[in-house]
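Peer 1: Attaching a single structure in structure tokens format; questions to follow.
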Amino acid sequence: MKLSAKMTKALNDQIAMEAFASNYYLSMASWSQITGYEGTASLFYAQSDEERMHMLKIVKFLNDLGVTVVIPAVKQPPKDFKSIEGICKIALKNEQAVTASINKIVELAQKEKDHSTFTFLQWFVDEQVQEETKFETILQKFELIGRDKLALNEIDKILGTMAATPEPAAN
Ligand code: FEO
């Protein structure tokens, strides 16, 4: 099977998006750790690893088709953040952008009648539902528990528990 030039570019662009998300979440993890939010740091270190795994999935898919991938340059993410809530808002926005991007590639696969890429992308479609739900659920906690110091301590603990809960395995 041969990928179209358009699809090859779309998947390479998606690799760059996942790589940048991995770096961004790593920066958030580092800020959280330095600020004393251990649970949040654990969650974002794990999230950063997840994004790298997403990137690798696409790299391997392309390699299996004989395509040499474009490994993107490292773009520096911001390093200063305001709060756990602020970080989670950025993360939700980022996940929404990733969902939109994946949906566009799915539409391209449909248009090109590229069934194998279409099937490959279904894992990402499902994953994005989980990713958005994860950050929506976290953001609800600020409404439910509050934003004072005790509440933030409680939310940080919850995020640590979420980090310790294994994600479904990816193939
Ligand atoms: Fe790979 Fe969280 O999107």
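The values are calculated or read from the model by the stated rules, or taken from the named source; none is laboratory data. Being a predicted model, the structure only gives us computed values, none of them experimental. Every residue, glycine as well, gets a Cβ built from its backbone with ideal geometry; the counts of neighbours run over all protein chains shown. Just so you know, the surface numbers come from the protein's heavy atoms only, side chains and all, with ligands and any DNA or RNA stripped out. Shrake-Rupley method; radii C 1.70, N 1.55, O 1.52, S 1.80 Å.
Peer 1: With a sphere of radius 13 Å drawn around the Cβ of E132, what net charge do the other residues whose Cβ falls strictly inside it have (Lys, Arg +1; Asp, Glu -1)? Provide the component values of the computation, followed by the final result.
Peer 2: Values: positive: K89, K93, K134; negative: E95, D126, E127, E131, E136.
With Lys, Arg at +1 and Asp, Glu at -1, the neighbours total -2.
Peer 1: For K60, give me every one of the lysines with a C-alpha distance below 28 angstrom, ignoring sequence neighbours fewer than eight places off in its own chain.
Peer 2: Straight-line reach from K60, under 28 Å: K2, K6, K9, K75, K93, K104, K111, K113, K134.
Peer 1: Using r as the Cβ-Cβ distance of D126 and N153, and R0 as 25 Å, what FRET efficiency do you calculate, to the nearest 0.05?
Peer 2: Computed FRET efficiency for D126 and N153 comes out at 0.15.
Peer 1: Shape verdict for the stretch 68-138, please, from the Cα gyration tensor: rounded (a/c under 1.5), prolate (a/b greater than b/c) or oblate.
Peer 2: Because a/c hits 1.5 or more and a/b fails to exceed b/c, the stretch 68-138 counts as oblate.
Peer 1: Hey, another quick one. Tell me the net charge near L56. Cut-off is 14 Å between Cβ atoms, L56 excluded, with +1 for each Lys or Arg and -1 for each Asp or Glu.
Peer 2: Around L56, the charge tally is -3.
Peer 1: Cα gyration tensor of the chain, axes a ≥ b ≥ c as square roots of the eigenvalues: rounded (a/c below 1.5), prolate (a/b > b/c) or oblate?
Peer 2: In terms of gyration-tensor shape, prolate.
Peer 1: For the stretch 1-77, which trypsin sites (Lys or Arg not before Pro) pass both filters: DSSP loop (anything but H, G, I, E, B) and at most 12 other C-beta atoms within 10 Å?
Peer 2: K2, K75
Peer 1: Of all GluC sites (Glu not before Pro) in the stretch 97-171, which ones are in loop regions per DSSP and have a Cβ with at most 15 other Cβ atoms within 10 Å?
Peer 2: Those that pass, being in a loop and sparsely packed, are E112.
Peer 1: On to the next question. Using R₀ = 35 Å, calculate the FRET efficiency as 1/(1 + (r/R₀)^6) where r is the Cβ-Cβ separation of V67 and Q33; round to 0.05. Intermediate values should be presented prior to the final figure.
Peer 2: Details: r = 37 Å, r/R0 = 1.07.
The value I calculate is 0.40.
Peer 1: Find the centroid of the Cα atoms in the stretch 1-64 and in the stretch 131-164, then give the distance between the two in whole Å.
Peer 2: So the two Cα centres are separated by 22 Å.
Peer 1: Per residue, how much accessible surface does the stretch 49-159 expose to a 1.4 Å probe? Answer in Å², no decimals.
Peer 2: With the other protein chains kept in place, the stretch 49-159 gives 59 Å² per residue.
Peer 1: Another question, then. At 222 nm, what value in deg cm²/dmol follows for the chain if DSSP H runs of at least 4 each add -39500 (n - 2.57) and the sum is divided by all its residues, to the nearest 500?
Peer 2: That calculation yields -28000 deg cm²/dmol at 222 nm.
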